[in-house]
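A short worksheet on the structure shown next.
The values are calculated or read from the model by the stated rules, or taken from the named source; none is laboratory data. Worth saying up front: this structure is predicted, and the values here are computed from it rather than measured. Using ideal geometry, Cβ is built from the backbone for each residue, glycine included, and neighbour counts are taken over all protein chains shown.
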Amino acid sequence: MEEIKNNNDSNLLPNGISDEEIEEVPLYKKKRVFIPLMIILAGAVAAALYWYIGMAEYITTDDAYVDGDRVTVSSKILGRISELKVDEGDTVKKGQVLVRLDDSDFRAQREQATAQLDYAEKSLELAKVNLSKTQEDYKRARIQYKNSIIPKEQYDHAARAFEASNASQSIAVAQIESAKAQIGVIDTQLGNTIIAAPMDGVVAKRWALAGDVVQMAQPILSVYDLEHLWVTANLEETKYSHVKLNQKVEIEIDTFGGKKFEGKVIQLGSNTAAQFSLIPPNNASGNFTKVTQRIPIKISIEASELKADEKTPRFLPGMSAEIKIKIR
């Protein structure tokens, strides 16, 4: 009996409670379980509250990308590229010569038009001499006809010769003007063989090589202006009413690993992006399925953030971005 009692005493804790009594206590009343559980629950509630407050004050979207002005450099005439002075990645200045087309045909045409102009000028000199001669003959014939020295037929011949000489001079003058106009057209075509940069920027894409024959309006180079970039974001139409001009925007570019940049709303879209799709929606025909539309907005980027250093651009058109607009 004394041995059994000692065994029972060994199952007692210092405070006199046995293991069996602890195991019978409900789980939610155990402090070592309840306290950590309440801490985790309180943290979750606080995190959810913080997220809700943040979402109520901001509009966010990841349907955004860096955008900029792009110019497609193309030819105004049919021609073969004789010289391509730049390549992809090169920085260009406005007015800098980028492409030269073969101009040998136009130069030959100009020489021909110059010869025609010279011929027309010589013809005018001859026409002036003939006009002077026929004019004198006509004056003499008129006097002689009045004095009944020559018949009317001879007088009429002198008058017609004077009129013909006058017309020949007018034709020669018109030929000179035509030749000059033709030379002007050829000079314009010669000017079109030299293609210059329309703005400062960087060559983003080369579409042709030296030796290629390009058609009118065929792209040769694409130039981006990397000094004036912005972020284009497509917002859901249900959020659009909360966006105003000059609202502050927090920008994250995927390339820079979560680094935040500042900007502001500079332009609100005037239509949904779907209106410029290849096949715009037509809800009047067929079955209608309502789809939340997206409206583009433009967000400025601080000029100081556009470059990491003097040579390496910080932002490049097409980079993915996430934006957060503060609305309260």
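Things to note:
- Scanning the stretch 292-328 for residues that are at pLDDT below 75, assigned to a loop (DSSP other than H, G, I, E, B) and of a type in the set (A, V, I, L, M, F, W, C), we see that the one that is nearest to THR60 (Cα to Cα) is LEU306.
- Filter pass, HIS228 being in contact (Cβ under 8 Å) with a residue 24 or more places away in the chain, surrounded by 13 or more Cβ atoms within 10 Å (Cβ to Cβ), of a type outside the set (D, E, K, R) and over 30 Å from VAL73 (Cα atoms): no
- When we screen ALA208, ALA115 for residues that are surrounded by 14 or more Cβ atoms within 10 Å (Cβ to Cβ) and either under 30 Å from SER82 (Cβ atoms) or free of Cβ contacts under 8 Å to residues at least 60 places away in the same chain (or both), the only hit is ALA208.
- Condition check for GLY68: assigned to a loop (DSSP other than H, G, I, E, B) and either surrounded by 14 or more Cβ atoms within 10 Å (Cβ to Cβ) or at pLDDT below 95 (or both): no
- The set of residues in the stretch 151-199 that are closer than 16 Å to LYS122 by Cα, among the hydrophobic types (A, V, I, L, M, F, W, C) and under 45 Å from the mean Cα position of the chain (by Cα) comprises ILE176, ALA179.
- Look at (1) buried (at least 19 other Cβ atoms within 10 Å of the Cβ); (2) over 16 Å from the mean Cα position of the chain (by Cα) and you find that VAL202 fails only one, number (2).
- The stretch 162-190 residues that are closer than 19 Å to GLU136 by Cβ, paired with ones that are small (Gly, Ala, Ser) (beta carbon under 7 Å, 6 or more apart): SER165/ALA127; SER168/ALA127; GLN169/ALA127
- Selection from the stretch 75-91 of residues that are over 11 Å from VAL223 (Cα atoms), in a strand (DSSP E or B) and either among the acidic types (Asp, Glu) or within 19 Å of the chain's Cα centre (by Cα) (or both): GLU83
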